[in-house]
Amino acid sequence: MDEPLKPLREAIDRIDSQLLELLNERARLAHDVGQVKSTSGTPVYRPEREAEVLRKVVAGNPGPLSEQGVTAVFREVMSACRALEQPTRVGYLGPPGTFSEAALLKQFGASVDGEPCASIDDVFRSCEAGSTEFGLVPVENSSEGSVTRTMDLLLASPLRIVAEVSLQVHHSLLTKSGTVDGIRSVCAHAQALAQCVGWLNRHHPALERRAVSSNAEAARLASVDPSVGAIAGELAAQRYQLQAVATHIQDDPANRTRFLVLGRQETASTGRDKTSLILSVPNRAGAVYHMLAPLARHGVSMARFESRPAKLGSWEYYFYVDIEGHERDPAVIAALDELRGLCAFFKSLGSYPAAN
């Protein structure tokens, strides 16, 4: 039966040997790049360069590998090569097994040195203190809206946005046995429970619903208590050795969470970037209209606009604005110069490659 497969397997083995040789050749070049960066003071992690590499290989991919498959392979190649230059330490909202860790791995690959933090505040503090080089925090969900704590901390933090990650969120109902036999309650983060409320109402309306600190904590509880089910993702299921009763139970099939990578470096333009701003204007008629006029005048598209209270007791607001383009693009430069003159408060959070 294996005889027809023999020549095919031999051909695959030959290609694997060639791949291994080429991968190590690339690794040696990456090591040389690291030495050059070390002498010039250039950061090891360059999100704009990695974005360009991934976009190039996707554009040149003839198939049959999918875009997602090619991206995953090259992400891990770059991650392993980057680790040869210098380990990259990144703080994220823990514990391990959360969607924050999944976003970390999607952006940095498995060779990253991830540091789980107890809160979003701790992610900021760790990066600001230099304990980690970068921090990864959630900023908005397509179903539940903005993560207001992240937005408030961005206002005063010296950190800049150096990259963004868009993660598709797939929730599963997990138990030790893979069935709901004996299950009396289901645990999850409050946001995950809200994202699955319709499915739970239809399929398991009698189960008690308990909000816990994270989906990973829910998975841990389910791993030690056979009466508890958890709503969590694949990473938590693997870490806590749970079985799926049902997958993709989120009410919104297109549910996504956007994360920001924070650091101190500036990123160069890639040709497809975003710039994030925090603005405020005096409280008078037409002020917001006039604030946005420079963007329209210079042909700069706005990707996101949201307000947050200034918390001064005077009904004043900060406006969080994402625009398309890099702050070094001529049109963006002109628009931002006008905004600085119009706004009572102006802060650029940085420019970064737009996520795919």
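The values are calculated or read from the model by the stated rules, or taken from the named source; none is laboratory data. Predicted model only: the values in this text are computed from it and were never measured. Counting neighbours? That spans all protein chains shown, and the Cβs are built from the backbone with ideal geometry, glycine included. With ligands, DNA and RNA removed, areas are computed over all heavy atoms of the protein, side chains included. Shrake-Rupley method; radii C 1.70, N 1.55, O 1.52, S 1.80 Å.
Side notes on the structure shown:
- Partners for Lys37 among lysines (Cα-Cα distance below 28 Å; same-chain residues under 8 apart left out): Lys56, Lys106, Lys274
- Summed residue charge, Cβ within 15 Å of Val228's Cβ, Lys/Arg positive, Asp/Glu negative: +1
- Charge dipole magnitude, Cβ of K and R +1, D and E -1 - the chain, Cα centre, debye nearest 20: 560 debye
- Furthest towards positive pole of dipole, Ala80, Val123, Leu292, structure part the chain, Cβ charges: Leu292
- Qualifying aspartates and glutamates (Cα of each under 17 Å from Cα of Lys347; at least 8 residues distant if same chain): Asp152, Glu266, Glu306, Glu316, Asp322, Glu324, Glu327, Asp337, Glu338
- Pairwise label distance in nanometres, Arg264 with Arg340, each label 7 Å out on the Cα-Cβ vector: 2.3 nm
- As a calculated quantity, the FRET efficiency between Lys347 and His170 at R0 = 35 Å, using C-beta atoms, amounts to about 0.50.
- For the chain, with +1 on Lys and Arg beta carbons and -1 on Asp and Glu, the positive-most of Gly233, Tyr318, Met151 along the dipole: Tyr318
- Surrounding net charge for His298, when Lys and Arg each add one and Asp and Glu each subtract one, Cβ distance under 13 Å: -4
- Computed lengthening from Leu22 to Arg284, 0.36 nm per intervening residue step minus Cα-Cα distance: 88.0 nm
- Taken as Cα centroids, the stretch 145-192 and the stretch 254-288 sit 21 Å apart, rounded to the nearest whole angstrom.
- Loop exposure criterion: trypsin sites (Lys or Arg not before Pro), DSSP state outside H, G, I, E and B, at most 12 other Cβ atoms within 10 Å. Applied to the chain, the longest stretch between such sites is 1-283.
- Contact order normalised by residue count of the chain, Cα under 8 Å, 6+ apart, percent: 17 percent
- When both bridge partners sit in the chain, DSSP labels roughly 75% of those beta bridges antiparallel.
- Taking a ≥ b ≥ c as the square roots of the eigenvalues of the Cα gyration tensor, an a/c ratio of 1.5 or more together with a/b larger than b/c marks the stretch 69-217 as prolate.
- Mean sequence separation of contacting Cα pairs (under 8 Å, at least six apart), scaled by the length of the stretch 82-162, corresponds to a relative contact order of 30 percent.
- Charge tally around Val112: other residues with Cβ under 15 Å, Lys/Arg +1 each, Asp/Glu -1 each, net -2.
- Taking the chain as a Gaussian network of alpha-carbon nodes connected by springs under 10 Å, the highest mean-square fluctuation of the residues Ser38, Ser166, Ser213 belongs to Ser38.
- Area accessible to solvent at Glu21, 1.4 Å probe radius, in Å²: 120 Å²
- With the simple spin-label model, which puts each label point 7 Å out from Cα in the Cβ direction, the Lys311 to Asn356 separation comes to 3.8 nm.
- Distance between the 7 Å Cα→Cβ label points at Asp152 and Gln68: 3.6 nm.
- Segment Ala11-Gln35, length gained on full extension (0.36 nm per residue, minus Cα span): 5.0 nm
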